[in-house]
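Trainee: Sharing a structure here in C-alpha cells format.
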Amino acid sequence: MTRESSQSTETQLRRRVEDLESQLAQAQKLLAIGSLAGGVAHDFNNLLTAILGYASVLREDPAIPPHVLEALDVIEKAAERASQLTAQILGFARRGTGRRTRVDVHHTLSEVADLLRHTIDKNIRLESKLEAATPRVMGEASQIFQVFLNLALNARDAMSEGGTLTLGTENAGGSVRVLVSDTGPGIPEPIRGRIFEPFFTTKDPGKGTGMGLTVVQSIVRAHGGSIELDDSGPGACFHVLLPLARDRAPLSGEPAAAAAQKGRGCVLVVDDEEVVRQVAVRMLASAGYTAVCVRDAQAALDYYQERGCEIDIVIVDLVMPGLSGGQLFEQLREIDPSVRIVLTSGYNRDAAIDALIAAGAKGFLQKPYRLAKLAETLRTALEA
Ligand SMILES: Nc1ncnc2c1ncn2[C@@H]1O[C@H](COP(=O)(O)OP(=O)(O)OP(=O)(O)O)[C@@H](O)[C@H]1O
Ligand SMILES: [Mg+2]
C-alpha cells in the first residue's frame, strides 16, 4: 500500500467514525427528548381528560345558553388540537409499541385528503394517484395517518402562494411506495441534510415545532420502512417505502362513536390525579352511574375488600405511584375472580395493555376520553 493510499484510508475511516459518533449523539438526543416528552404528554392527557370531560358534561345540559355553547365549542376544539399534539408526542416517545393491524394505505390517504379538503386554502389543488395494486401494510393506523398528514401539512405550508399537492402510491417489490409531492419552492440544498433533525425548522417562531419530520421518520423506521427526499423536481417530493402486510392479519377500523346511552351501576375509579377523579364522577353521573373514587391501588384494595359486592366495575389508571394498575388488576382478581376491570392511561395502548386485556380486563380507555366514549366502554364491559 502506498503512503498516500494508506493516508486516504485513514481519513476515510476517521470520517466514518465521526459520522457514527454524530449518529449516536443524535440517537441519544432523540431518546432523551422521547422520554421527557412522553412524561409531559402523559400528564397533559390527564389535564385534557378534565377539560374535555367537563365540556362534554356541560353539553348534556338542555338549558345551556347559546353563548356558552359557543365558548364550549372553542374549548373543545382547542383541547382536541392539544390532544392530537400529545398523541403525536407519545407516538414519537413510545414508537412502535401500539397495536398493529393490517392498514390499507389508500384508505389512510383518503382520510388525509378528506381532512385537508376541509382545512386547506382554495388555491391549493389536491390530486390523488393511487396506483398500488396491493396497498396493505402492517402497522398502527393512527401513526401511519400521522406520517402522511405531517408530510401533507408541510407541503401545504410550502405553497402559501398556491399550487398542487399530490398523493400517490405504487407497488415496489414487497413494499408500497407513497409519494407526497408539492409544487412549492422545494427544499434548498444547504438544509436538505437537516430537515429530519429534531427541532429543525425554517418557520417563524411559534409557527412550527420542527418535530414533524422527526416524528415521520421515527414512525416510518419503526414500521420497517424508509423515507427519502426526492429533489429532482422543482417542488419537494417525499418517498415513503413501507413493507407490505402478509395476508390474514386483522383489518383495522375504528369503532364508530356511539351516542351516550344511560347505564346503571356503581363504578370504582382508581386514579392518582384529582382532576381526573373529579371529572370522572361528573361524567359517570351523567352516564347514569354512581361512582366511588380512590387515589391509589392500596385504597382500592381496602375499599374492595370491604364493599366489593357493591361495585359493578372498576376503572383502573395504569400509571400510579405505589402499586401499578397492572398489579392492582392481579390483586383485585385474587379477591374476586369475577371482578370487571377497565384500564385507562394517558399513554397509548401498548403490548402490556394488550396482555392485560388478554388476561381478562374488559376494555381500555385512552385519555383524554369524553362522555360518549366512557359510556360506550362501560356498557360494552358490563355486557361482556
Ligand atoms: N414540502 C416541503 N417544502 C419545503 N420545505 C419543506 C417541506 N417539508 C419540510 N420542509 C422543510 O423542513 C423543515 C422541517 O420540517 P418539519 O415538518 O420537521 O418541521 P416544521 O414543519 O417546520 O414544523 P411543524 O412540523 O411542527 O409544523 C421545515 O421547516 C421546512 O424548512
Ligand atoms: Mg411540519
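The values are calculated or read from the model by the stated rules, or taken from the named source; none is laboratory data. A quick note: this is a predicted structure, and the numbers were derived from the prediction, not measured. Cβ coordinates were reconstructed from backbone atoms using ideal geometry, including for glycine residues, and neighbour counts include every protein chain displayed.
Trainee: Checking the conditions here, which among Gly235, Gly184 is of a type in the set (Gly, Ala, Ser), over 24 Å from Ala87 (Cα atoms), without any contact (Cβ under 8 Å) to a residue 60 or more places away in the chain and within 8 Å of ligand 1 (Cβ to nearest atom)?
Mentor: Gly184
Trainee: May I pose another question? Taking into account only those residues within region 219-235 that are away from ligand 2 (no atom under 14 Å from the Cβ) and part of a helix (DSSP H, G or I), which is modelled with the lowest pLDDT?
Mentor: Per the criteria, the residue is Ala222.
Trainee: Considering (1) within 10 Å of ligand 1 (Cβ to nearest atom); (2) buried (at least 20 other Cβ atoms within 10 Å of the Cβ); (3) under 24 Å from Gly174 (Cα atoms), say which one Leu229 fails and leave the rest.
Mentor: (2)
Trainee: Can you tell me which residues in region 345-369 are basic (Lys, Arg) and modelled with pLDDT of 90 or more?
Mentor: The initial filter retains those residues of region 345-369 that are basic (Lys, Arg), namely 349, 362, 367.
Within region 345-369, Lys362, Lys367 qualify.
One line per residue, one yes/no per condition, for (1) among the aromatic types (Phe, Trp, Tyr); (2) in contact with a His (Cβ under 8 Å, 6 or more places away or on another chain); (3) within 13 Å of ligand 2 (Cβ to nearest atom):
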| residue | (1), (2), (3) |
| --- | --- |
| Glu127 | no, no, no |
| Leu130 | no, yes, no |
| Met138 | no, yes, no |
| Gln143 | no, yes, no |
| Leu151 | no, no, yes |
| Asn154 | no, no, yes |
| Glu161 | no, no, no |
| Gly173 | no, no, no |
| Val178 | no, yes, no |
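Trainee: Does region 194-201 include one or more residues that are more than 15 Å from ligand 2 (Cβ to nearest atom) and under 30 Å from Arg246 (Cβ atoms)?
Mentor: Scanning region 194-201, I find no residue that is more than 15 Å from ligand 2 (Cβ to nearest atom) and under 30 Å from Arg246 (Cβ atoms), so the answer is no.
Trainee: Applying the selection to region 135-147, what residues are within 16 Å of ligand 1 (Cβ to nearest atom) and free of Cβ contacts under 8 Å to residues at least 60 places away in the same chain?
Mentor: Phe145
Trainee: Shifting gears a bit: Out of (1) surrounded by fewer than 20 Cβ atoms within 10 Å (Cβ to Cβ); (2) within 26 Å of the chain's Cα centre (by Cα), the odd one out for Pro368 is which?
Mentor: The failed condition is (1).
Trainee: What about Gly210, is it within 21 Å of Ala87 (Cα to Cα), more than 7 Å from ligand 1 (Cβ to nearest atom) and assigned to a loop (DSSP other than H, G, I, E, B)? Full working, then the answer.
Mentor: Values: within 21 Å of Ala87 (Cα to Cα): yes; more than 7 Å from ligand 1 (Cβ to nearest atom): no; assigned to a loop (DSSP other than H, G, I, E, B): yes.
No.
Trainee: Looking at region 178-207, which of its residues are surrounded by fewer than 20 Cβ atoms within 10 Å (Cβ to Cβ) and closer than 26 Å to Ser110 by Cβ?
Mentor: Leu179, the sole residue that qualifies.
Trainee: Looking at region 56-70, I want the residues that are charged (D, E, K, R) and have a partner that is loosely packed, with under 10 Cβ neighbours inside 10 Å with Cβ atoms under 6 Å, at least 6 apart or on another chain. Which pairs are those?
Mentor: No pair meets every condition.
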